[in-house]
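Visitor: Below is the structure I would like to discuss, written out as structure tokens.
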Amino acid sequence: MTPSLDAPTNSPSVIAGVIQRLSVSQLKRHKLCPRAWFFQKVMRVPEPSTGAQQVGTEGHAQLEHFLVTGEDVLGTFARAGAHLLPTPGPDLLIEQPLNGEPSLMAGGIPFTGFIDLVDARRLASDGVLRITDHKFTSNVATNAASAEQLTDADTEPGLQMVGYGAWALSQVERFPGLRTLELEHLYYQTRGQRLAASVVATVPAEHVEREWQTKVEPQVEAMKEHAQAARASDVPANYGPACGKYGGCPFMAKCLTGENKTMSLRDKLLNKASESAPLTVAAVERNATELPAVLPPDAPAPTPVQTAPEVAQATEQPAPKRRGRPRKVAESEQPKGEMRVLFVDCIPTTFDGPTPESLTSYVDTMHRKVAEAGGVDDVRFAGSDSALGFGKWRGALAMAARAELPAPGSYVALGVAQSELMQVIVEALEPAFDVVVRGVH
């Protein structure tokens, strides 16, 4: 099966592992995370629309009507940038389709989509063509791309604008004498003060052609390979900042829980070969019941430690219920390899295994990653205009921890009740640890 230029735009983008059509938004999603693109276009997993998308849709419709007719129907967000728009007129190309004659192509695959605004008014005199994309964003100062990014196809903004520039270069008859491209993002702020800003990158036509050939064409070849994957786990995932970007990946749950994998992320990590002496179930069973709860000096006097059901000695009493995995099988039935053991608010004094490592450095690392992804210094103080605001940082931090588990071994988490960050991390990690020992006080 080969891609068809005549395929209807409402048909699937990928059929039987063959990409039928692409778009710059597909390129951007694949660049951000190949597996997210696989979920969206190959597996066709639905994703919910957001309020931010609705604002952008309405704003684009208002700008299109204004630039075509000159009639002022601009809402409060779009009107803030009216002074940055060209004078409306029939010579402007508004909502220009990419699949015209000829269509934008890469790797033999046609592109669909629309360019918000193409202004050729300076083409005859200066050989300059301006291409504009409207962007509605909560905060212009923090979310606007730089001019350098708009020209680099290795970035999301550049991937889009280089694609639009490549389309213009393919329209030789329509744009004769094209030598220079002005790639513009026109931003409209949707929160707080009503303002707008223009970011323009001026580049020669040769630069756009080179970026498309050296960066986009290879990416499309990789997308062809990923489209033929039999399952999501065969496609690379970009764990980390990508998971929390734009309010969080809509496919996070499927990606991390292994619903579309034959082996979960946790299983893969636990099955890796060990470079140090393995921590076995027997080692924990021999010592877990002897572990005293050694707490910080200012902690209340503890009661005897309460061990996890996995390592409890068999008695005539029924085992207490526990969330998560069922009871561990006997060591003879247990696959060999390293384990993860977590001591919560207690320190073992007798333990046949590596010296437990403090969980604090791991918590700090995960907090830093989530904070950087959200553009804040401390997730706990994220403002209302942040994707981490209103307590959403807890879910983002938990997802990041589940996506990037600590290396197999034993860990100690102290002062959990005094640290919100530690609380979230411990709760997120507990189901993934083989043994959890808590000091009860």
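Nothing in this text is a laboratory measurement; each read-out follows from the coordinates by a stated rule. Nothing here was measured: the structure is a model prediction, and the numbers come from that model. Here Cβ is always computed from backbone atoms with ideal geometry, including for glycine, and neighbour counts include all displayed protein chains.
Visitor: So, how do all the Cα-to-Cα distances of region 140-190 break down into 5 Å bins, in percent, from 0 on up?
Guide: 4, 19, 26, 20, 15, 10, 4, 2
Visitor: On to the next question. Quick one: net charge of GLU47's neighbours, Cβ under 13 Å, K/R +1, D/E -1?
Guide: +4
Visitor: Where in region 13-41 is the amide nitrogen less than 15 Å from a point lying 7 Å along the Cα-to-Cβ axis of TYR246?
Guide: Residues 23-41 qualify, since their backbone N sits under 15 Å from the label point.
Visitor: Give me the extension gain from GLU217 to ARG368: residue separation times 0.36 nm, minus the current Cα-Cα distance, reported in nm with one decimal.
Guide: Taking 0.36 nm per residue and subtracting the Cα distance, the gain is 50.9 nm.
Visitor: What would the Debye formula give as log10 I(q)/I(0) at q = 0.21, 0.28 Å⁻¹ for the alpha-carbon point model of region 24-91, no solvent?
Guide: -0.85, -1.17
Visitor: Name the long-range amide H neighbours of ILE115: under 5 Å, sequence gap of 5 or more, or other chain; modelled H, no Pro or chain starts.
Guide: GLN96, LEU98
Visitor: From the phi of every residue in region 105-111, what ³J(HN,Hα) in whole Hz does the Karplus formula 6.51 cos²θ - 1.76 cosθ + 1.60 yield, where θ is phi - 60° and glycine or proline is x?
Guide: Along region 105-111, the couplings run 10, 8, x, x, 10, x, 10 Hz.
Visitor: Considering only Cα-Cα distances, which of the following residue pairs are longer than 27 Å: LYS215/LYS392; LYS215/LYS254; LYS135/LYS392; LYS224/LYS369; LYS31/LYS369?
Guide: LYS215/LYS392; LYS215/LYS254; LYS224/LYS369, as the Cα separations exceed 27 Å there.
Visitor: Taking the Cα centre of region 52-202 as origin, sum charge times position over the Cβ atoms of Lys and Arg (+1) and Asp and Glu (-1), and report the length of that vector in debye to the nearest 20.
Guide: Dipole size: approximately 280 debye.
Visitor: Placing +1 on the Cβ of each Lys and Arg and -1 on the Cβ of each Asp and Glu in region 98-188, which of HIS185, MET105, GLN171 has its Cα farthest towards the positive end of the resulting dipole?
Guide: So the residue we want is GLN171.
Visitor: So for the pair ARG380, ARG191, with labels modelled 7 Å out along Cα→Cβ, what separation do we get in nm?
Guide: Each label point is offset 7 Å from its Cα along the Cβ direction, giving 2.1 nm.
Visitor: Once you have the alpha carbon radius of gyration of region 82-216, what is it after dividing by 2.2 N^0.38 Å, with N set to its residue count?
Guide: Normalised Rg, Cα atoms only: 1.03.
Visitor: Please report, largest first and rounded to whole Å, the three semi-axes of the ellipsoid equivalent to region 353-441, where each semi-axis is the square root of five times an eigenvalue of the C-alpha gyration tensor.
Guide: The answer is 25, 13, 11 Å, longest axis first.
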